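A short write-up of the structure that comes next.
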Amino acid sequence: MECLWHLFPRGWTCTDPPDLDNGYAYVEHDNLLRAVRQKNQVLAQKLSESNKQHLADSEKIHRLNQLFHQARDDASTRERSHRRELGDLYHRLNSIQMTQDRVSDDQILEQMHRLHQKLDNWIKTCFKDQDKLAAALEPTADGFPRTRPQRHAWVQSCISGWIHQSVFAPYLPGLPGDHFDWFCGNVEVGVQESCPEATLQTWRVATSSAIEYLGENNRNETIDNILAVVECHFGSASSLEPESRNQRLREILERCAVFKYTLSRQPDRFSFDWCQAGDLFAADSMTAVSGDGEEVRLCLWPGLLKRTISGDEEILERQLVWTMKEPEY
């Protein structure tokens with residue numbers, strides 16, 4: 001028989017040759033090869049499609065990464081720009097705020113005179129009945145006060161003294177006690193001695209604003225206490241209803257507190273001066289509205305001292321006093 005091994009597909013071995021007498025072996029083998037080839041073609045096609053999809057996905061991911069990084073960079077750029085703009089706005093706002101808080105000496109004097117005038121008008125409106133007022137006041141050994149102006153001056157001296165003690169004299173109205181007043185004063189000295197002038201001014205404005213905001217309850221309590229003392233001493237002598245006169249006086253006291261806050265935010269330092277009955281009259285620091293002597297009988301309204309950044313001190317407003325003659329022994 002002629003050798004036909006070269007007609008068989010590769011992979012067949014001589015150790016297990018096909019049965020040449022069985023024609024079905026060739027058919028099965030051929031079918032098997034076709035099935036394998038078809039399967040391989042399908043797998044190859046799927047592999048090709050998978051590779052193409054992988055390349056497409058990789059390209060898409062790469063593009064998305066580029067977009068993400070670009071978006072992140074753009075966001076960072078916008079954030080930095082926003083922060084710069086916000087910082088500029090805050091700086092401008094602070095500058096405007098500090099500029100708005102600054103007032104001239106003439107404006108300060110105008111506000112102080114207006115406060116005194118409002119208190120004077122309140123007294124003249126509330127205490128028109130001189131018989132009631134005379135009954136509410138206990139005269140001194142020399143019969144003072146005996147006239148309408150003297151009685152009004154007496155009431156004004158008392159109320160102004162309470163305002164000075166509770167609003168003008170403390171470091172700032174609204175602090176809960178003397179220890180906080182002492183502490184804030186010492187902190188300011190420390191900032192002044194260890195920091196530049198601009199830092200000191202910023203600290204003053206920030207501290208004043210914070211105390212004004214946080215100390216509202218304490219400030220209202222201080223005003224309520226003054227109203228209660230005024231009502232206790234002079235309520236029976238008033239010609240107006242308690243609610244009406246207390247509301248008007250409360251507005252004056254609140255304006256006094258605002259005036260104190262305004263002064264605390266100035267580059268220069270301001271303090272109030274208050275003399276006592278019996279002090280010698282000093283023409284350089286006092287203005288006598290009435291009286292006939294060399295001694296202070298009543299202080300009607302405090303004076304205002306100004307200390308500049310350089311340390312110079314001047315009397316911006318003199319105390320308003322009522323004088324009397326020295327007693328003869």
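The table below lists the values:
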item: Packing-based ranking, highest mean first, of 150-163, 191-204, 56-69, 167-180 given that Cβ atoms within 10 Å are counted; result: 150-163, 167-180, 191-204, 56-69
item: Residue order, fewest to most surrounding Cβ atoms within 10 angstrom, among ARG37, ARG248; result: ARG37, ARG248
item: Derived scalar couplings ³J(HN,Hα) [region 277-294; Karplus, 6.51 cos²θ - 1.76 cosθ + 1.60; whole Hz; x for Gly, Pro]; result: 4, x, 5, 5, 5, 10, 5, 6, 10, 9, 10, 8, 8, 6, x, 9, x, 9
item: Angle between the chain longest axis and helix 197-214 axis [Cα atoms, degrees, rounded to 10]; result: 80
item: Amide proton proximity set for SER290, modelled H, under 5 Å, gap of 5+; result: THR323
item: DSSP-defined beta bridges in the chain - what % are antiparallel, rounded to 5; result: 75
item: Top positive-direction residue, dipole computed over the chain with Cβ charges, set CYS256, ALA35, PRO173; result: ALA35
item: Built amide H within the under 5 Å cut-off of GLU295, gap 5+; result: PHE281, MET324, GLU326
item: Correct option for Cα Rg over 2.2 N^0.38 Å [calculated from the coordinates] among (1) 0.97; (2) 1.07; (3) 2.37; result: (3)
item: Value of relative contact order over the chain, rounded to a whole percent, pairs C-alpha under 8 Å and six or more apart; result: 16
item: Degrees, to the nearest 10: 242-264 long Cα axis against longest axis of the chain; result: 70
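Read the figures in this text as sums done on the coordinates, not as results from a lab. The structure displayed is predicted, hence computed values, not measured ones. Glycine also receives a Cβ, built like all others from the backbone with ideal geometry; neighbour counts cover every protein chain displayed.
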